[in-house]
Amino acid sequence: MMFTHNQMVRTGRSIRGLFFPLITLTVFCILFEISFFIQCNQTYLNDFSLISSNLNIPWRVFPDYLFFLMVQLALHFLLVSIILFCTISIGKLFNLPIHFDFKLSIALFIWSWLNVLIANQYYYPHSNYAHLMGVFLTTETRVTVGFLLFSGISCIIIIASMVYWICTYPKTMLIASSVWIGLYLASIAPMPKKPGLFTPQSNVIIVGIDSLRPDVVGFFGSDTPTKFIDQFLTEATVFSEAITPIARTFPSWISLLTGKYPKQSGIRFNLAKLESLDLKTLLPIRFQKAGYATVYATDETRFSNMDKSLGFQHIIAPPMGINDFILGSFNDFPLSNLLLNTQLGAFLFPYTYANRGVFFAYDPNQFLKRIQSALGKIKQRPVFIAAHFCLPHYPYHWRAFSPVKTPLQLYQTSIARLDSQLANFFELLKAEGLLEKAVVVLLSDHGEALMLNGDRLTEENLFSTTNVPMPHFYPSETDETVNQSAGHGTDVMGLTQYHTLLAIRQYGEPTMQTKKDVTDVVSLIDIYPTLIELAQLEEKSFEHNSKSMAESSEGVSLAGYLKGKNVIAPSRHIFLESDFTPAAIRSLYPDIKKAILESLNIYEVNVNSMRLTVKSSMAEKIIYSKQYADIYQKWMLAFYPQPNDFHLPILINLESGQWTHDLSSSLAKLAPVNRMIRALKDHYGTEIRYEEETILFTD
């Protein structure tokens, strides 16, 4: 059946008559979206001129903004085209009068946008637009029913439209439908499993988890379901008292990859410049020189810009830079949201796809698909893989609907979802043959304090001193609770921030693991010499000017524990330091706007890489505000900066919990205070502003 002349005339008149009204309605929708966007982001937009002027955002970033705008407009135009298509098709299919087309098009327009909003709420319950329909659809069940109802009727409308065109052009529509169905199936089909390339050398895989405190894992007694992690730990050597030298992602990972404390590596805060870093001795570079393919994968890069300069040949991550903050954060529009977790969305919205920073749209499965696609293209063996999963990071949300409300419940729920994500990741590794012979390190870069009692070690009833009032750790806070802390990297006495998961498991034969649970205090810097020893890299030749393992690492190899030996000497000092901590984030409910404004003068945009880095002029001020601590035997000594230009000392017995800030007290006389002070001063130098004979008192 072909079009008659009259039918073609009618089609042309319908398109001309309907196009302008639909475009007019679309303009109103766009204006509404802009208005709603401004309303939802008012706190940021009010200060945008201040932020942009301080950061000196270069013009090179604006092509991405233009592309983003053009995509949004194209999607709206596509929706208008679909509505036109359905209007004309249904009118002809049911032989409706031509004057009825206008009413039908308006009805389909309204229906389409209701469908888009309900679908947005179904897929992205944390989207700003979810609140619009949330007035009517107040529960997850109602949202699901509404989505199925609207989507079902919309499918019937589209199918009815297709029927007309199939009847009119059967061969053309059959070919077109086959192509579209084929492309869709290809996009969702899992990649075929293939046998791995076996190598006599062990693959080395570091699996990092952001913000995971061990006490929320079932293996350590928690009720939170962590089936996969528990199973891994039962078959691994577990270091139950592992500590990170700094509880922030970027400096923690750099400490791991260098085997050095932040003071020695020079990377002492997030987004630090790499000028002071000795790149030749980095762990990925050592493995690369030994013939390994080196890979780094993460689902968030905003404050941890790990790239190829650190020795990784392959980076699997969202794009890094200032546009990750801007386009990633502000990309919340109902039409484009429906594409975010598709392969097309990966191309159109690279700053949003599989990006944990955009929590409302983050789908844990998309990150795994990104890893799977990249690993499938790497043929070189053996491989050194560092993968970092950020699902448990604040605000503990992802794309899924969450009925729980309290931060602790949200945190536990995110851990449970992470557990299944890790299980799928290890299935992926197995399918790639990477676990046939491998050394796997499972760790968290740092923990998390949730303002729970005990999140700071200092219990009020265990304060031990003579005629000295209990101190305030932060002079500006008058309502501070002495045994609580929040976040990570904010408080060295908040050991839940610094206590990390650490376990090592060997896959394949031969295996030599005999010791399962290690209670000695170890540091993440120990991973560097451990992996070099387990992979026997020290036996391989390096450039004549390369430093040996002993010279390039401050860590202690933990490989002996896998053989059942004790390694750590009881006289070892474990050092900790805090990161830059604006007052706004020393809270369980951080004020994001306030935190941004407090941090405004800290960062600058690198005009070449388009990335945020800490200004050199501000690095010294950040270091001046740091807290420090030393763990030695059963004691911990911490120093907190005070307004009087000195540090407040806090001494605690880790076994009894007794603590004091009076270093002349009877408790202090039982501790090796002078030895710990000297160790801290030897390590941090003049950054420790405290004289041994000086005793500080605070209100």
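For this structure, a couple of remarks:
- Accessible surface of E33 - all protein chains present, 1.4 Å probe, nearest 10 Å²: 10 Å²
- Rounded to the nearest 20, the size of the Cβ-charge dipole of the stretch 216-275 about its Cα centre is 440 debye, with Lys and Arg at +1 and Asp and Glu at -1.
- Calculated FRET efficiency, R675 to D645, Cβ-Cβ distance, R0 = 30 Å: about 0.75 to the nearest 0.05.
- Shown is the FRET efficiency for S571 and S151, computed with R0 = 56 Å from the Cβ-Cβ distance and rounded to the nearest 0.05: 0.25.
- F646 sits with roughly 80 Å² accessible to a 1.4 Å probe, with DNA, RNA and ligands left out of the calculation.
- Relative protection proxy for 106-116, 621-631, 523-533, from highest mean packing down: 523-533, 621-631, 106-116 (other beta-carbon atoms within 10 angstrom).
- Placed amide H near A293: partners under 5 Å, 5+ positions off or other chain: V383, F384
- Pair I106, L73: separation of 7 Å Cα→Cβ label points (nm): 2.8 nm
- Largest to smallest accessible area among C40, C86, C167, C29 [probe 1.4 Å]: C167, C40, C29, C86
- Taking amide H atoms as placed 1.01 Å from N in the peptide plane, the amide H of I206 lies under 5 Å from those of I385, A386, A387, V441, each 5 or more residues away in sequence or on another chain.
- For S523, the amide hydrogen comes within under 5 Å of the amide hydrogens of I243, counting only partners 5 or more places away or on other chains and with H modelled in the peptide plane.
- Note on D278/F220: beta-carbon distance plugged into 1/(1 + (r/R0)^6) with R0 of 30 Å gives a FRET efficiency of 0.25.
- With DNA, RNA and ligands ignored, accessible area of M451 (1.4 Å probe; Å², nearest 10): 60 Å²
- Taking 0.36 nm per residue of sequence separation and removing the Cα-Cα distance, the E235/Q380 pair yields an extension gain of 49.4 nm.
- Taking the accessible area of the stretch 226-385, probe 1.4 Å, and keeping the other protein chains in place, the carbon and sulfur fraction comes to 56%.
The values are calculated or read from the model by the stated rules, or taken from the named source; none is laboratory data. Predicted model only: the values in this text are computed from it and were never measured. Using ideal geometry, Cβ is built from the backbone for each residue, glycine included, and neighbour counts are taken over all protein chains shown. In case anyone asks, the SASA skips ligands and DNA or RNA and just uses the protein heavy atoms, side chains included. Shrake-Rupley method; radii C 1.70, N 1.55, O 1.52, S 1.80 Å.
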